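Here the structure comes first, spelled out in C-alpha cells, and everything after it is commentary.
The values are calculated or read from the model by the stated rules, or taken from the named source; none is laboratory data. Since the structure is predicted, the reported quantities are computational estimates derived from the model, not experimental observations. Cβ placement follows ideal geometry from the backbone for every residue including glycine, while neighbour counts extend to all protein chains displayed.
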Amino acid sequence: MQILEKDYQINSVSKAINAGENSIIALPTGGGKSICILKLCQAMADKKVVISLRNAALIPQLLNTLTINGLTVSVVKSGYKYIAGGDVTLIMEQSFARRKHLNIECDVLLRDEYHVGCMGGVYIAMREELSPDLIIGLTATPIDRLGVYIDKSMNLIEETTTRQLIELGELAKPVYKVPSLSQEIDYSAVKMYRGDFSVSGLDCILLEHCSLVAQQTVEDALAHGRKVMLFANSINHVEALSDAFKLLEVPHELVHSQRATSDNDESIRRYKSNEVRLIINMSMLTIGFDDPTTDCVVLARPTKILRLYLQIIGRCLRASKGKANALILDLAQCISTHGFAEDHRDFTRKTAKSAAIMSERLSVTNISQFVDGEFSFRESIERKVVKRKSSAPRKKPRPKLVASQELIDRAASNRATALLRLNPRMEKFVSTIELVNIVYDQQDESSKMLDEIAMVKIVALIGFAYSDSLVDNCVNLVEALHAQNQSIRGLLPRISNLITAIAMKELSS
C-alpha cells in the first residue's frame, strides 16, 4: 500500500534520525504519528527497531499499518503469539517485564504517546533493559500535567502545528460554543489534587447538572446531526449522564473501567459503525481513539491540565469526507482556561511558572462575549481587536437608561400585578432590569438580557434576604453593568455573592 507522506512528516523523520541525540517528535492529533513510525522503521531497516506502546487499542491499528507496507512484525503482548525475527518488534509496555526471557535486541526504541508514563518505573525499567542507542518519542502533547516540557534530556522536533494543519485542510476546522449555563457554575471551592480539580469535589457540583448537560448536548449537537463524544469527570458522572440521556430517549453508549472489556468494545464498535451517535466516557477514549467521523466533543468537566484538554479536543479534529467542521461544545469553562485548538503554544517551557503563561495567544480570555453562539478562532481574534479599540475611554458618557414611552408602558403592564406586592425599592430594581432589557433589545443585543425565569429567581432570592441596602446595591449593580456595556445575564450569582458579602459584613460589625 502506497503511503502519501506529508512534508512535515518527512522532515520530522529526517530530523529525528539525523539529530545525533534522543528526540521527541511533536505532531498534533491527526497529524499521522503512525505514518511517521512506519517511515522511521523503513528508514532504519538495518537497525533492530522496537516500538513501545501503552494503549492496547493502538496495537492492531499500528500492526496493520506496518504489515500492509511490507514489514514483518514480532508482537510482545498477551493474546498474540510471539514469533522472533520480525523487521520490527512491537511491545505492549506493561507486558515486557514478564517477557524479559525473550532477550529482545534493540538499537532504536520508538515510543508512541511519549507523554504517558515516560517518567514511570515501567518504562524506565524497560528502557534500561533494552539499552537502545537511540530513543525517539512521538506525542501530540510533549508536556506534563503542569504544562512543563516532558523530558529535558530529549530534543524537541515540531515541524507543524494544529493551526497549520487546519489551514491546510489536513484537520477539520473547529467551531466553538460556550452555553451560558457553563459560565454560571462556580468551581472556586473545589480542592486541587496533583494540579487538577479533585474528582470527588467536582462530582459534588457536576452531578447536579446532568439533565442540563444532556439537554444542551441534544440541542446544540445531536439535533444538528453531529456525532458526539462526551467527556465526563468520573464513573458516577458517566452513569448519571447516561441516565439523563435515557430520560430524553437519546440512544447512546458509555465506556468506563468498571464495565467488562467486551461490553466496552461492543460500545465502541456500535459508535464507530454509526449505530449510535453519542458515546460517553471518562478518560478511556482520551488517548489513541481514532474515529474521523466524530465531529463534536462535549467538555462536561473542567480541567486545569492543558495536556488533557488538547488530547480531548483532538478527538474530533481528524479530517473526514463530508465533514464540514468540528464542534467543541464547552460546558465546563475549558476554553476560557486553555484557549483554542489553533493557539500557538510553546512546548519548551522548563518550569511550572513559565508554563502558566504557556499559551501566547491572540484569542480571547474573557469568553463571556461569545456566550450561546457558535464562533470560530478567526472571529475570536476579530472581536478581540474590536474590544481593544473600544476599550479606550469614551469621549461621551454612555446615555442614561431611556426608552420610548410605549415600550415602558408595555413592560409595566406585564408586571403590574406583581409590583403590587413589592415595596418601592424592589419596584425600582425590577424596573431598572426591564429598562436595561429594553435598551439591549432595541440595540439587537439580546444575548445580554436577563430572561423572565432568572428575574423570578432573583426576586425570590432577594425576598429571603431582604434589606433596603441590599436592593439599593442591586440597583447600582445593574446600572454599573449597563454603563460598562456588560451583560446582565449572569446577575443571579452576582447577587448571591452580594448577599453573602453583606451578611458577612453585618456579622462582623
Residues that are over 21 Å from Lys173 (Cα atoms): which helices (runs of 4 or more DSSP H) entirely in region 200-313 hold 2 or more of them? 210-220, 235-247, 261-272
Here are some residues: Cys334, Cys316. Which one is modelled with pLDDT of 95 or more and either over 21 Å from Asn236 (Cα atoms) or surrounded by 15 or more Cβ atoms within 10 Å (Cβ to Cβ) (or both)? Cys316
Can you list residue pairs whose Cβ atoms sit under 8 Å apart, with the first residue in region 78-90 being over 20 Å from Ala57 (Cβ atoms) and the second being of a type outside the set (Asp, Glu) and in a loop (DSSP other than H, G, I, E, B)? Count only pairs 6 or more apart in sequence or on different chains. Gly85/Thr72; Gly86/Leu71; Gly86/Thr72; Asp87/Ala45; Asp87/Leu71; Asp87/Thr72
Just one listed residue, out of Asn233, Asn264, Asn281, Asn274, is over 23 Å from Glu113 (Cβ atoms) and either assigned by TED's automatic domain parsing to the domain that holds Asp372 or buried (at least 22 other Cβ atoms within 10 Å of the Cβ) (or both), and it is Asn274
Of everything in region 305-322 that's among the charged types (D, E, K, R) and touching a Ser or Thr at 6+ places or on another chain (Cβ under 7 Å), which residue is farthest from Thr139 (Cα to Cα)? Arg315
Criterion (in contact with a helix residue (DSSP H, G or I) (Cβ under 9 Å, 6 or more places away or on another chain), crowded, with 18+ Cβ neighbours inside 10 Å and at pLDDT 95 or above) met by exactly one of Leu58, Leu53, Leu110: Leu110
Suppose we keep only residues that are modelled with pLDDT under 90 and out of contact with any Ser or Thr (no Cβ under 7 Å at 6 or more places or on another chain) within region 154-184. Which one would you say is surrounded by the most Cβ atoms within 10 Å (Cβ to Cβ)? Ser182
Filtered residue count, region 159-210, keeping only those that are among the polar types (S, T, N, Q) and within 27 Å of Asp291 (Cβ to Cβ): 5
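Each row is one residue, and each column tells you yes or no for (1) more than 26 Å from Ser380 (Cα to Cα); (2) among the β-branched types (Val, Ile, Thr); (3) touching a helix residue (DSSP H, G or I) at 6+ places or on another chain (Cβ under 7 Å).
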{"position": "Glu158", "(1), (2), (3)": "no, no, no"}
{"position": "Arg163", "(1), (2), (3)": "no, no, no"}
{"position": "Glu167", "(1), (2), (3)": "no, no, no"}
{"position": "Val175", "(1), (2), (3)": "no, yes, no"}
{"position": "Pro179", "(1), (2), (3)": "no, no, yes"}
{"position": "Ile185", "(1), (2), (3)": "no, yes, yes"}
{"position": "Lys191", "(1), (2), (3)": "yes, no, yes"}
